1. Do the conditions hold for Gly371, that is, is it within 34 Å of the chain's Cα centre (by Cα), within 16 Å of the ligand (Cβ to nearest atom) and touching a residue at least 60 places away in the same chain (Cβ under 8 Å)?
2. Which of the residues spanning region 650-670 are over 14 Å from His728 (Cα atoms) and either touching a residue at least 24 places away in the same chain (Cβ under 8 Å) or not in a loop (DSSP other than H, G, I, E, B) (or both)?
3. Could you tell me whether Arg714 is surrounded by fewer than 16 Cβ atoms within 10 Å (Cβ to Cβ), touching a residue at least 24 places away in the same chain (Cβ under 8 Å) and either in contact with a Leu (Cβ under 9 Å, 6 or more places away or on another chain) or not assigned by TED's automatic domain parsing to the domain that holds Ala552 (or both)?
4. Can you go through Pro77, Pro45, Pro73 and tell me which one is within 20 Å of Arg270 (Cα to Cα), of a type outside the set (A, V, I, L, M, F, W, C) and in contact with a helix residue (DSSP H, G or I) (Cβ under 7 Å, 6 or more places away or on another chain)?
5. Every residue in region 115-129 that is surrounded by fewer than 22 Cβ atoms within 10 Å (Cβ to Cβ) and closer than 22 Å to Leu183 by Cα, please.
6. Restricting to region 328-375, give me the number of residues that are surrounded by fewer than 19 Cβ atoms within 10 Å (Cβ to Cβ), touching a His at 6+ places or on another chain (Cβ under 9 Å) and of a type outside the set (D, E, K, R).
7. Which of the residues that make up region 574-585 are in contact (Cβ under 8 Å) with a residue 24 or more places away in the chain and part of a loop (DSSP other than H, G, I, E, B)?
8. Take the residues in region 522-555 that are in a helix (DSSP H, G or I) and either of a type in the set (Phe, Trp, Tyr) or surrounded by fewer than 24 Cβ atoms within 10 Å (Cβ to Cβ) (or both); name whichever of them is nearest to the ligand (Cβ to nearest atom).
Amino acid sequence: MDIRYNERSRTFTITAGDSSYVIGIADKEGFIGHVYYGAAIAEEPMYLLRIDEPPFVPTKNNRDRGSFMDTFPCEFPGNGLGDYRDGAVEVIDAGGHRAIKLTYEGHNIIDGKPALAGLPATFETDGARAKTLEIYAKDEALNVKAVLRYSVFEDSDAIIRSTELINESATPVLITKIMSASLDMDSEDFEFLSLHGSWARERQIDIRPIGYGKTSVGSVKGESSHQEHPFMALIEKGSTQEKGRVYGFSFVYSGNFLAQAEKTQFDSVRVMMGINPQGFKWELKPGDSFQSPEVVMVYSDCGLGKMSRTYHDLYRGHLIRSPYKDKERPILINNWEATYFDFNTEKLLDIAREAKKSGIEMLVMDDGWFGRRNDDNSSLGDWNVNEEKLPGGLKYLVDEVNKIGLKFGIWMEPEMISPDSDLYRAHPDWAIQIPGREGVRSRNQYVLDLTRKEVLEHTWNSIKTVLSSANIEYLKWDMNRQITDIGSAELGRDNQGELSHRYMLAVYKLQERLVKEFPNLLLENCSGGGARFDAGMLYYSPQIWCSDDTDAIERLGIQEGTAIVYPLSSMGAHVSDCPNHTVGRVTPFETRGNVALAGTFGYELDITKIPQEDRDMIPFQTATYHKYNKLVRSGDYYRVASFRENHYYDCFGVVSKDKSEALFTFVQVMGRPNYHSRVIRIPGLLPDVKYVVEGVSEEPEEWLGSTLEKAGLRIGNLWGDYKSLLIHISKADD
Ligand code: DGJ
């Protein structure tokens, strides 16, 4: 880790592990140029800024300033002054003009990494310090200043960027766009990797060429969303898990976002990521500043696998804060797919009693315990217990569950309000809405305007009252609709464009209070499945519900896409009953367990009703979880084969940091005629060490790490669809 300024060449070199990032100041005007990002280099190749090529810099040839502006590889491009590529920042000044150009004013290199007020962000730890470069850039005509921040950690290849805009003028400025990071590179036939999806089909890997013009993904749904994801990677064509140059960009934010690559007439590509400018407008009063969320950039010249492992380590070590992050999570059983809204104390206690026998450790009561909520049409906002279902209230139920020997967790959807609720009847104006329009309902609910102080305080008190009323050790925080009708009763005409970002800041504020006031609570974020599985939420909860699709085969793709960026320790994964409630597929109970073991692990079924042979397998599965969870939680992730690509089988695993142990999961998705066996190559082990391999043949076998990596293991036909194996590999005794 290093950040250097070379006075002679006027360059900054940021070194993060195996990668270098070089920024140069060009010309007397102080244009801030993007020189280089890639594998570590020892010099500053300023020639990459091409300032000696026609049309030259403006001080030598002002006649062609426009051409210069449109070709210069810029570090943080402005708007309206000759650069026709998309700008990273756009404003409207007091006169209604939209031009902005930020040039170098100064810089500072500091130890540590400043926190971002009100926003989730990566942080340094005692074991791994950080350094930060702040570049100050100014538009003299507007008297507006930007602080471009770049941070690196001792133990990571990642570079973290964010932008702050400060109004030093005497009049307000409206920000209409502010990206967290932007950079210009030569286009080298990169492809664009993104994670697209839908409800129950989140984070599917999509790879497409970057053609001329703009290639982008984004959300304007008020959350990171099921459909597109705040992550993109530019990957060299033909990149694999082990090979290829790969640039990853992950946004530490849970609201509207834009991730874009723009290929130009000159075969350069401008990459940018930040809050989606669509619908965004922020009034920056004199003296005020606006802080953008941060982007985590990771470069790998050894393919996607190394990039993923860098993100996993960074997010485990420098983003997730929960006391649970390095601990086994209690194995939970959730009653959603077991009962939906149809449950009562007796039913829950029956489930708890049966669960206890099989080694399950916590009962989670899902939606339907409050108000008059017997379906999803009412009561959100009325967080008082439905005593018809739960006589004696939460306290009685939780005490009984605790007596059985299980912990207790609960579901809430604090951000919402049902039109059919006492809360709405008392405060109809508390919903986000546009006066004079009937609000768009989704799942028959509206979104609370948490940007209003009294609404936020009321919501906080509801959460606090519920959590304090009994021994509740886990909270599933759900959010089941996207935001429409952007309108807040408290914002004026020029400020409605602030609502979506203010809303996210309010959600972060609530969750920050939650983790501070209930430090031992295990928080799991959720949004209609996995619509808020993002780096922003990981700052508050160590695990996030991955998807409402619990089918083991669908989960292979969902968990593969999720693991491109996020550690296995964060992926909410449960074993459910069959036929699967989302796709109707019937898979072996064993495979459902093996796939869920790659996440936080739990159950989502009526344990009192499932077939006896399935129930009999649970004690073995819960014991397997305890045996391997530390490895799964903290090891290095490797993707060996992808069902998405080969259409037959899937294989992934983890190798412990000291390489003494590994666990690989193989799923034969499709049985095939004339299919005999498959060779899978096991990466990540020490070549000269003998390992014991269990789970492939009847008896354990011993092989060198190099044999396992180069020759691989032969997996025989498992006879049938959806069969799976857990392959355990451990260092043989010397
Ligand atoms: C969506 C979640 O993803 C489900 O697990 C469940 O909690 C429902 N909401 C409850 O309404």
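The values are calculated or read from the model by the stated rules, or taken from the named source; none is laboratory data. What you see is a predicted model, and the numbers here were worked out from it, not measured in a lab. All Cβ positions, glycine included, derive from the backbone under ideal geometry; neighbour counts span all protein chains shown.
1. When the stated conditions are applied, Gly371 does not pass them.
2. Of everything in region 650-670, those that are over 14 Å from His728 (Cα atoms) and either touching a residue at least 24 places away in the same chain (Cβ under 8 Å) or not in a loop (DSSP other than H, G, I, E, B) (or both) turn out to be Asp650, Val667, Gln668, Val669, Met670.
3. yes
4. Exactly one of Pro77, Pro45, Pro73 is within 20 Å of Arg270 (Cα to Cα), of a type outside the set (A, V, I, L, M, F, W, C) and in contact with a helix residue (DSSP H, G or I) (Cβ under 7 Å, 6 or more places away or on another chain), namely Pro73.
5. Leu116
6. Total satisfying the criteria: 1.
7. The answer is His574, Asp577, Asn580, His581, Thr582, Val583, Arg585.
8. Looking at the filtered set, the residue picked out is Glu554.
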